Structure formats: C-alpha cells, structure tokens
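All remarks here apply to the structure that follows.
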Amino acid sequence: MTDKAALTCAITGVLTNPKQHPVPVTVAEMTQSAKDAFNAGASIMHVHFRNQEPGKGFLPSWEPAVAGEIITAIREACPGVIINMSTGVVGDDVSGPAACMREVKPEIAACNAGSLNYLKVRSSGQWAWPPMLFDNPVSKIEKFLAVMNETGAMPEFECFDVGIVRSIGLFVKAGLTDHPDYNFVMGVASGMPADTRLLELLTEYRLDGSTWQVTAIGRQEIWDLHRKTAELGGQLRTGVEDTFYLPNGDKTSGNGPLIEALASCAREAGREVASPAEAREIFGLRPAAA
C-alpha cells in the first residue's frame with residue numbers, strides 16, 4: 001500500500017499553554033479538533049491527556065477516567081479512528097501511562113526508544129527551561145512494552161537521534177519487539193535536525209519492511225521534510241503539538257488546516273490519503289472494534 005499515506009494528527013502536546021497557542025485541552029475542544037483533523041484526512045490521533053480542572057488545561061493528566069472520557073468522545077466523533085496514545089514521562093514510574101493504556105486500549109502507543117538531553121537556548125543565551133534529561137533506559141522501555149503487549153497496542157518507537165534509530169534493530173534481536181515501527185523525531189534543538197538530507201540516510205538504517213514516519217518540530221521550514229517523507233514512502237504526521245505554521249508561513253487556526261496541508265503533501269508525491277481501514281492494514285493493527 002505504498003501508494004497510500006496514513007495521516008496522524010498530534011492533537012495537543014503535553015504542556016503548551018492554551019492561553020498562548022491554539023491547542024485544545026478540554027474534552028469538547030479535543031473532540032472537535034480531532035473531528036476537524038479526521039474530516040481533513042487524518043485516520044490516526046496522537047493524544048496527550050490534559051488536566052480537566054478549570055484553568056489547569058496547561059498541565060498533563062494521567063487519570064484513567066480523564067483518558068477514558070477523552071478517547072471515548074474522540075472515537076464516537078470519528079468512526080473507525082485509530083488512537084495513538086502518548087506515554088512519555090520523566091523518571092522510572094510508568095504507572096500513570098500504564099493505567100491509561102489499560103483504560104483506553106489504544107491501537108498504537110508511543111514508546112520513547114532512548115534518552116535525550118532535552119535542551120533549548122534563547123537568543124539571550126539563557127536556557128529556555130532548566131536542562132532536562134528525558135530518561136528512557138531499556139529497563140523503562142521494557143516496562144512500557146509489557147503493558148503494550150498486554151493491551152494490544154503497537155509500539156511506535158520515537159527516535160531522537162541516529163543511535164536510537166539503530167537501537168530498534170537491537171531491540172528486535174534481543175526479542176523485545178517483533179513489530180518495529182519508527183518515528184524519526186526531527187527538529188528538537190538537542191536532537192536530530194529537520195534536514196531532508198539526514199532523512200534519506202535514516203530510512204536506510206531501519207529494518208527492512210518496517211513502517212516509519214517523521215515528527216517534524218519547527219516552523220514553516222518543516223514542510224520540506226513532510227514533502228520528502230511523502231516522496232520516500234513514509235507515513236505522515238503533523239498537528240499543533242509539532243508546529244503552529246502552515247507551508248506559506250501563516251499561523252494555523254488549529255489542526256484541521258495542518259492536516260489539509262499534509263494531505264496535499266501526500267497527493268503532490270502521487271499518493272492518496274489512507275482511510276482508517278487502510279491505515280490499519282499499513283501498520284498491521286488490530287481491526288476496529290464493532
């Protein structure tokens with residue numbers, strides 16, 4: 001199905017402040033935003049859960065009841081939609097993401113496949129936030145994979161640098177997974193740059209026959225990366241978690257216009273947008289619930 005491209009919408013992200021950017025945080029907002037993206041061609045929703053207390057939507061939530069309410073609403077609004085659940089946490093305690101996976105049983109779950117010094121420096125030379133280690137040792141990855149196996153979720157291995165990309169092959173050799181799916185995260189200041197030349201190399205380091213996509217972080221410049229991904233046969237992802245900018249440099253009003261632009265990238269490369277059923281086939285996912 002290389003002539004088809006499965007589109008993922010990264011609906012909201014983990015900490016972006018809704019008072020500053022057009023990120024949905026309430027159940028109603030996230031459901032409407034997912035529906036806009038679904039109608040524009042997204043068959044997969046990458047979902048972070050936000051605190052639903054008044055005025056606290058800028059904070060994440062790992063409450064299973066909150067996760068269940070959000071995912072139930074999205075599934076009802078978008079028939080056949082595929083849920084890709086975020087699991088990223090700092091530290092060794094994975095009980096929150098594990099409880100949410102057991103509650104919503106996503107078809108896909110993000111699995112951060114290696115550690116990263118998560119850094120950014122402002123033009124003044126000051127750190128944008130205190131330097132942080134996003135720690136993902138193998139022992140932590142194994143915990144996540146056990147819950148993903150239990151709940152029937154395909155692990156989507158998020159790769160922040162080339163060494164992490166190469167580690168996926170070692171995970172397979174060690175028997176940690178037999179379904180490698182790569183997400184090349186490009187554009188984080190201390191990770192891989194959003195460079196089309198690097199992308200061509202990265203695709204050569206993945207295991208034969210494996211699926212892959214790109215998470216492109218940045219502004220207008222990331223759209224060259226989306227076009228190259230479409231040309232090389234990868235699956236496509238965008239959303240207000242990743243960018244607020246359309247290909248022409250305008251700021252987006254939400255997820256719908258971003259997914260419309262992503263669908264155009266697929267079609268310009270001679271590929272059609274996959275339906276939810278076709279996306280399930282591409283990734284080898286379980287059938288949609290009746």
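The values are calculated or read from the model by the stated rules, or taken from the named source; none is laboratory data. Fair warning: this is a prediction, and the values are worked out from it, not measured in the lab. Because the Cβ atoms are built from the backbone with ideal geometry, glycine has one as well, and the counts that use them run over all protein chains shown.
Could you give me the residue pairs with C-beta distances under 6 Å whose first residue belongs to the stretch 140-156 and is among the polar types (S, T, N, Q), whose second residue is surrounded by fewer than 21 Cβ atoms within 10 Å (Cβ to Cβ) and not in a helix (DSSP H, G or I) wherever it lies, and which are 6+ apart or on separate chains?
Close Cβ pairs satisfying both conditions: 151/105.
How many of the residues in the stretch 207-233 are more than 18 Å from the chain's Cα centre (by Cα) and in a loop (DSSP other than H, G, I, E, B)?
The number of residues fulfilling the criteria is 3.
Can you tell me which residue in the stretch 127-186 is farthest from residue 101 (Cα to Cα), limited to those that are of a type in the set (Phe, Trp, Tyr) and part of a helix (DSSP H, G or I)?
171
Regarding the stretch 94-111, can at least one residue be identified that is farther than 23 Å from residue 217 by Cβ, part of a loop (DSSP other than H, G, I, E, B) and in contact with a Leu (Cβ under 8 Å, 6 or more places away or on another chain)?
At the first step, the residues of the stretch 94-111 found to be farther than 23 Å from residue 217 by Cβ are 94-96, 98-105, 107.
With the extra rule that they be part of a loop (DSSP other than H, G, I, E, B), the set shrinks to 94, 105, 107.
Within this subset, residues satisfying the condition of being in contact with a Leu (Cβ under 8 Å, 6 or more places away or on another chain) are 107.
For the stretch 94-111, residues farther than 23 Å from residue 217 by Cβ, part of a loop (DSSP other than H, G, I, E, B) and in contact with a Leu (Cβ under 8 Å, 6 or more places away or on another chain): present.
May I ask you to list the residues in the stretch 234-273 that are over 22 Å from residue 30 (Cα atoms) and either small (Gly, Ala, Ser) or assigned to a helix (DSSP H, G or I) (or both)?
Answer for the stretch 234-273, where residues must be over 22 Å from residue 30 (Cα atoms) and either small (Gly, Ala, Ser) or assigned to a helix (DSSP H, G or I) (or both): 234, 249, 264, 265, 266, 267, 268, 269, 270.
Determine whether residue 83 is buried (at least 21 other Cβ atoms within 10 Å of the Cβ), part of a helix (DSSP H, G or I) and within 18 Å of the chain's Cα centre (by Cα).
Judged against the criteria, residue 83 is not a match.
Among 90, 47, 66, 27, which is more than 29 Å from residue 266 (Cβ to Cβ), of a type in the set (Val, Ile, Thr) and in contact with a strand residue (DSSP E or B) (Cβ under 7 Å, 6 or more places away or on another chain)?
Answer to the selection: 90.
Does residue 61 qualify as being touching a strand residue (DSSP E or B) at 6+ places or on another chain (Cβ under 7 Å), free of Cβ contacts under 8 Å to residues at least 24 places away in the same chain and not charged (D, E, K, R)?
Yes.
Within the bounds of the stretch 52-70, is there any residue that is of a type in the set (Phe, Trp, Tyr), farther than 27 Å from residue 280 by Cα and buried (at least 16 other Cβ atoms within 10 Å of the Cβ)?
Step one: filter the stretch 52-70 for residues of a type in the set (Phe, Trp, Tyr), giving 58, 62.
Checking which are farther than 27 Å from residue 280 by Cα leaves us with 58.
From what is left, the residues that are buried (at least 16 other Cβ atoms within 10 Å of the Cβ) are 58.
For the stretch 52-70, residues of a type in the set (Phe, Trp, Tyr), farther than 27 Å from residue 280 by Cα and buried (at least 16 other Cβ atoms within 10 Å of the Cβ): present.
Could you check the stretch 71-80 and list, in sequence order, the residues that are small (Gly, Ala, Ser) and either within 19 Å of the chain's Cα centre (by Cα) or loosely packed, with under 14 Cβ neighbours inside 10 Å (or both)?
Listed by number, the list holds a single entry, 80.
Count, please, the residues in the stretch 194-205 that happen to be charged (D, E, K, R), surrounded by 11 or more Cβ atoms within 10 Å (Cβ to Cβ) and either under 18 Å from the mean Cα position of the chain (by Cα) or in a helix (DSSP H, G or I) (or both).
Summing the residues that are charged (D, E, K, R), surrounded by 11 or more Cβ atoms within 10 Å (Cβ to Cβ) and either under 18 Å from the mean Cα position of the chain (by Cα) or in a helix (DSSP H, G or I) (or both) in the stretch 194-205 gives 1.
Six or more apart or on different chains, Cβ atoms under 9 Å: show the pairs whose first residue is in the stretch 200-212 and modelled with pLDDT of 95 or more and whose second is in a helix (DSSP H, G or I) and hydroxyl-bearing (Ser, Thr, Tyr).
Once the first residue is modelled with pLDDT of 95 or more and sits in the stretch 200-212, its partners that are in a helix (DSSP H, G or I) and hydroxyl-bearing (Ser, Thr, Tyr) give 212/203; 212/229.
Just to be sure, is residue 89 within 19 Å of the chain's Cα centre (by Cα) and closer than 19 Å to residue 156 by Cβ?
Values: within 19 Å of the chain's Cα centre (by Cα): yes; closer than 19 Å to residue 156 by Cβ: yes.
So residue 89 fits the description; yes.
Considering each of 105, 120 in turn, give the residue that is in contact (Cβ under 8 Å) with a residue 24 or more places away in the chain, of a type in the set (Lys, Arg) and surrounded by 16 or more Cβ atoms within 10 Å (Cβ to Cβ).
Exactly one of 105, 120 is in contact (Cβ under 8 Å) with a residue 24 or more places away in the chain, of a type in the set (Lys, Arg) and surrounded by 16 or more Cβ atoms within 10 Å (Cβ to Cβ), namely 105.
Would you check if there is a residue in the stretch 157-176 being among the aromatic types (Phe, Trp, Tyr), more than 18 Å from the chain's Cα centre (by Cα) and at pLDDT below 95?
Checked the stretch 157-176: no residue is among the aromatic types (Phe, Trp, Tyr), more than 18 Å from the chain's Cα centre (by Cα) and at pLDDT below 95.
Within the stretch 30-37, is there a residue that is hydrophobic (A, V, I, L, M, F, W, C) and either surrounded by fewer than 20 Cβ atoms within 10 Å (Cβ to Cβ) or touching a Phe, Trp or Tyr at 6+ places or on another chain (Cβ under 6 Å) (or both)? Let's see the steps before the verdict.
Filtering the stretch 30-37 down to residues hydrophobic (A, V, I, L, M, F, W, C) leaves 30, 34, 37.
Going one step further and asking which of them are either surrounded by fewer than 20 Cβ atoms within 10 Å (Cβ to Cβ) or touching a Phe, Trp or Tyr at 6+ places or on another chain (Cβ under 6 Å) (or both), we end up with none.
The answer is no; no qualifying residue exists.
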